[in-house]
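For reference, the structure is listed below as structure tokens.
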Amino acid sequence: MLGLGTVTFGPALFAEIPGDSTVSNPLFRISLAQWSYNRSIREGKMNTLDFIAAARDTFGLDAVEYVSTLFRANPDSYWKTMKKVADDKNVKSLLIMVDDEGWLGDKDAAKRTESIERHKRWLNAARELGCHGIRVNANSSGSREEQAKLIVDGLSRLAEIAHAMQLNVMVENHGGLSSDGAWLADVMNRVNRRNCGTLPDFGNFWEYDRYKGMEELMPFALGVSAKSNDFDENGNETKTDFARMFRIVLNAGFRGYVDIEYEGGRFSEEEGIRKTLLLLRRIQSESLNWTFSA
């Protein structure tokens, strides 16, 4: 384990992945998060195999990110089928967003250990699928300092297991204190492991300044989620200044995949994904003319 101090992260430690783009040598790649299709999947109109195919066939994307709560499968059957479909479509499986597997920062030590054990199933799935890691939540209770100590323990132990499997563990700003950029950055510095970082989400800072939060979390980013909800007549996202966000992302030195995570209601899922993709393609092109301090 590394010594104490600030750790600077680039793209995911265990993920050097090529990707497709309509822009020659883009500064970032684009993937599709399964949550973008959560309504269709929950309503039984689509399954995970359909989602993988849609990423390539509908949108021309070469990478996807899964959500554990949108499929519960036997690792010896469905995960292998997912891998075959992804391989056949030449689609890279990047990560699994894991939810509802207990609190990694639970006050009860036994429950904290149980949560770590439950997350191991998804580490095995990630390895089976060829992902570079899993996204987890920093759930805990107590004071700000108590929660930090508890989640540092849970994350450190899970990251140690993941490292032996050559996998990453990523924490998303996803409610509670995890949506406080300063708090989560402090947790990352305390964990201080190369394979334990963040998955900053544009839209999940809520009461916290999202641009400040991104600046605080990007030094540890092993992935980025471009959350979108609505668009104006010019194709810009109405809640987040995407150009400003991407200047923060790229200035931090990040050069990996950024996922499309559409969760708006005014447009259909497919239309919302497409509008997000068009916006990201535009930024891919514009960003080639930007200058960065990092």
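Observations on the model:
- The chain: calculated mean residue ellipticity at 222 nm from DSSP helix runs of at least 4, using -39500 (n - 2.57): -12500 deg cm²/dmol
- Loop-resident GluC sites (Glu not before Pro) (DSSP state other than H, G, I, E or B) in region 188-261 with no more than 13 further Cβ atoms inside 10 Å of their Cβ: 207, 233.
- Three semi-axes of the equivalent ellipsoid, region 100-172, Cα gyration tensor, whole Å, largest first: 22, 11, 10
- Lysine pair count for region 50-149 (Cα-Cα distance under 18 Å; residues 8 or more apart in sequence or on different chains): 8.
- With every protein chain in place, region 39-148: carbon and sulfur % of accessible area (1.4 Å): 44
- Shape class of region 33-189 from the Cα gyration tensor (axes a ≥ b ≥ c, square roots of the eigenvalues): prolate, since a/c reaches 1.5 or more and a/b is larger than b/c.
- Phi to ³J(HN,Hα) by Karplus 6.51 cos²θ - 1.76 cosθ + 1.60 over region 82-88, Hz, x for Gly, Pro: 4, 4, 5, 4, 4, 5, 4
- Residue-normalised accessible area of the chain, given per residue in Å² at a 1.4 Å probe: 41
- Karplus (6.51, -1.76, 1.60) ³J(HN,Hα), θ = phi - 60°, over region 248-256, in Hz, Gly and Pro reported as x: 5, 4, 6, 5, 6, x, 6, 9, x
- 3J(HN,Hα) along region 157-168: 5, 5, 5, 5, 5, 5, 4, 5, 9, 6, 10, 9 Hz, from the Karplus curve 6.51 cos²θ - 1.76 cosθ + 1.60 with θ = phi - 60°, whole Hz, x for Gly and Pro.
- When every Cα-Cα distance of the chain is counted in 10 angstrom steps from zero, the calculated P(r) takes the values 7, 30, 37, 22, 4, 0 percent.
- Cα gyration tensor, region 106-233 - rounded (a/c under 1.5), prolate or oblate: oblate
- Portion, in percent, of the accessible area of region 158-252 that falls on carbon or sulfur, probe 1.4 Å: 43
- Summarised in one figure, the compactness ratio Rg/Rh of region 175-294, Cα atoms and Kirkwood Rh, is 0.97.
The values are calculated or read from the model by the stated rules, or taken from the named source; none is laboratory data. Here the structure is a predicted model, which means the values were calculated and not measured. Cβ coordinates were reconstructed from backbone atoms using ideal geometry, including for glycine residues, and neighbour counts include every protein chain displayed. We work out accessible area using only protein heavy atoms, side chains counted, and drop any ligands, DNA or RNA first. Shrake-Rupley method; radii C 1.70, N 1.55, O 1.52, S 1.80 Å.
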